[in-house]
Amino acid sequence: MNTAEPLVLGIESSCDETGVGIVRGTELLTNTVSSSMEQHVRFGGVIPEIASRAHLEAFVPTVQQALAEAGVTLGELDAIAVTSGPGLAGALMVGVAAAKALAVATGTPLYAVNHLVAHVGVGLLDGDGALPEHLGALLVSGGHTEILAVGDITGDVRLLGATIDDAAGEAYDKVARLLGLAYPGGPAIDRAARDGDPEAFRFPRGLTAGKYMGSAQHPGSHRYDLSFSGLKTAVARVVEAFEAAGQPVPVADVAASFQESVVDVISRKTVLACTEHGITTLLMGGGVAANSRLRELVTQRCAQHGIRVVVPPLSLCTDNGAMVAALGARLVSRGVAPTGIGFTADPGLPVTTVSVPVPA
Ligand code: KG4
Ligand code: ZN
């Protein structure tokens, strides 16, 4: 064990997972997660108030479990890192307040970090902890859909493209509901699609028309951006037409055709953003990274352009505290100043703010 490496506890509460991770430098000691997913099932989506309440109840037991699993005490920590945004305001506030309380009680430096950059931080936990050069990230979950360029994880992260409406996972969840499939919709559609024909219906590919794409020299207004709301409406129209005709909805075919539209656009835009920004390694994160067809098509299309795709284990793809701790440890190692406690949760924290600077 290298005791010179910083021992950091990371706290994540931006959506429905209460995550507490502990790392020593790039070594993962524990990744403890408590999810409130089951409480949202009957609503077909995450209800922010329920998520916030669940964080409150889960926080102390999750911290205790994490400390026990890692075999460390609060007094030994070199730093605490917490997701301060982006995410659900109330959910973020619980983690931020808890992190401040722990920091004050133990006199430990506190870092307020960006949730999206923390997803990329998972890559630090691999091997020697060196992130590949020319790194990009594709983040796809129920809350976000972003394509990032990561020059330096502690300070140079750029947003290349993002959804302009629904997140990818949100689109899966909404379409699953239209098809009468259970929440969360992603795994349900992924399964149903295996028995369906992806070409049965030609659903729209959002933001791929020439006016949005432009060219490499003259990029359109949404060259790397994504949109899923038109697709969702198109699926609704098809379902309605079958119902109006008194015919059974061909669930497997609709699921497969919907999925093909989602993964086609995501993979095309990602490859375009990567090739035009010299990205040669792509890290995938977020719950939708579990999708078999998305992994397949992204990997295949990236390979055609010499881009290596890295997909961490699912427990590190979905929201967790280990990724927050890993980013925190890197900030400590780089000598970045801690934020202290004079910050608030910021649901719209831009990706360019890797860690919140000390308030003036
Ligand atoms: O990262 P995550 O666990 O939580 C947050 O959104 O914060 O992602 C959950 C999302 C849900 O929308 C779920 O439907 C989607 O990931 N998802 C999938 C798959 N597994 C989970 N989407 C497509 N295919 C899957 N296999
Ligand atoms: Zn996330």
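Can you name the residue in the range 266-313 that is more than 14 Å from the chain's Cα centre (by Cα) and small (Gly, Ala, Ser) and, of all such residues, is farthest from ligand 2 (Cβ to nearest atom)?
306
Out of curiosity, is residue 89 over 23 Å from residue 313 (Cβ atoms) and crowded, with 20+ Cβ neighbours inside 10 Å?
Numbers: over 23 Å from residue 313 (Cβ atoms): yes; crowded, with 20+ Cβ neighbours inside 10 Å: no.
No; evaluated as a whole, the condition is false for this residue.
I need every pair where a residue in the range 170-193 that is in the same structural domain as residue 260 (by the TED database) and over 12 Å from residue 142 (Cβ atoms) has its Cβ under 6 Å from the Cβ of a residue that is assigned to a helix (DSSP H, G or I) and within 16 Å of ligand 2 (Cβ to nearest atom), sequence separation at least 6 or different chains.
Cβ pairs passing all conditions: 189/172.
Select from the range 142-154 the residues that are surrounded by fewer than 24 Cβ atoms within 10 Å (Cβ to Cβ) and over 17 Å from residue 279 (Cα atoms) and write down the one among them that is farthest from ligand 1 (Cβ to nearest atom).
Per the stated criteria, the residue is 154.
So how many residues does the range 4-44 have that are within 27 Å of residue 344 (Cα to Cα) and without any contact (Cβ under 8 Å) to a residue 12 or more places away in the chain?
0
Could you run through the range 287-309 and say how many residues are touching a Pro at 6+ places or on another chain (Cβ under 8 Å) and more than 9 Å from ligand 1 (Cβ to nearest atom)?
1
Here is a check on your reading of the model: is residue 321 within 16 Å of ligand 2 (Cβ to nearest atom), small (Gly, Ala, Ser), at positive phi and crowded, with 22+ Cβ neighbours inside 10 Å? Before the answer, list the steps.
On the way: within 16 Å of ligand 2 (Cβ to nearest atom): yes; small (Gly, Ala, Ser): yes; at positive phi: no; crowded, with 22+ Cβ neighbours inside 10 Å: yes.
So residue 321 does not fit the description; no.
Taking the stated definitions as given, is residue 348 buried (at least 24 other Cβ atoms within 10 Å of the Cβ), touching a residue at least 24 places away in the same chain (Cβ under 8 Å) and within 16 Å of ligand 2 (Cβ to nearest atom)?
In short, no.
Exactly one of (1) within 16 Å of ligand 1 (Cβ to nearest atom); (2) in contact with a Pro (Cβ under 9 Å, 6 or more places away or on another chain); (3) of a type outside the set (Lys, Arg) is unmet by residue 267. Its number?
Just one mismatch for residue 267, condition (2).
Residue check, residue 283 against (1) touching a residue at least 24 places away in the same chain (Cβ under 8 Å); (2) touching a helix residue (DSSP H, G or I) at 6+ places or on another chain (Cβ under 9 Å); (3) in a helix (DSSP H, G or I), all met but one. Which one?
If we test residue 283 against (1) touching a residue at least 24 places away in the same chain (Cβ under 8 Å); (2) touching a helix residue (DSSP H, G or I) at 6+ places or on another chain (Cβ under 9 Å); (3) in a helix (DSSP H, G or I), just (3) comes out false.
List the residue pairs whose Cβ atoms are under 8 Å apart, where the first residue sits in the range 288-307 and is under 22 Å from residue 319 (Cβ atoms) and free of Cβ contacts under 8 Å to residues at least 40 places away in the same chain, the second is assigned to a helix (DSSP H, G or I) and of a type in the set (Gly, Ala, Ser), and the two are 6 or more positions apart or on different chains.
Every condition considered, the pairs that remain are 295/289.
Can you tell me which residue within the range 162-171, out of those that are part of a loop (DSSP other than H, G, I, E, B) and of a type in the set (A, V, I, L, M, F, W, C), is farthest from ligand 1 (Cβ to nearest atom)?
Here is the first cut: in the range 162-171, the ones part of a loop (DSSP other than H, G, I, E, B) are 164-167.
Now narrow it down to the ones that are of a type in the set (A, V, I, L, M, F, W, C): 164, 167.
Numbers: 164: 18, 167: 7 Å.
Looking at residues that are part of a loop (DSSP other than H, G, I, E, B) and of a type in the set (A, V, I, L, M, F, W, C), I get 164.
Would you mind stating whether residue 292 is at pLDDT below 95, surrounded by fewer than 21 Cβ atoms within 10 Å (Cβ to Cβ), of a type outside the set (D, E, K, R) and closer than 26 Å to residue 179 by Cα? Spell out the reasoning first.
Numbers: at pLDDT below 95: yes; surrounded by fewer than 21 Cβ atoms within 10 Å (Cβ to Cβ): yes; of a type outside the set (D, E, K, R): yes; closer than 26 Å to residue 179 by Cα: yes.
Considered against the rule, which asks whether it is at pLDDT below 95, surrounded by fewer than 21 Cβ atoms within 10 Å (Cβ to Cβ), of a type outside the set (D, E, K, R) and closer than 26 Å to residue 179 by Cα, residue 292 comes out as yes.
Find the helices (runs of 4 or more DSSP H) located wholly in the range 290-345 whose residues include 3 or more that are within 21 Å of residue 278 (Cα to Cα), and list them. I'd like the intermediate steps shown before the answer.
Working: elements: 292-303, 314-317, 321-333.
The qualifying helices (runs of 4 or more DSSP H) are 292-303.
The values are calculated or read from the model by the stated rules, or taken from the named source; none is laboratory data. Computed from a predicted model, the values in this text were never measured in an experiment. Cβ atoms come from the backbone with ideal geometry, glycine included; neighbour counts cover every protein chain shown.
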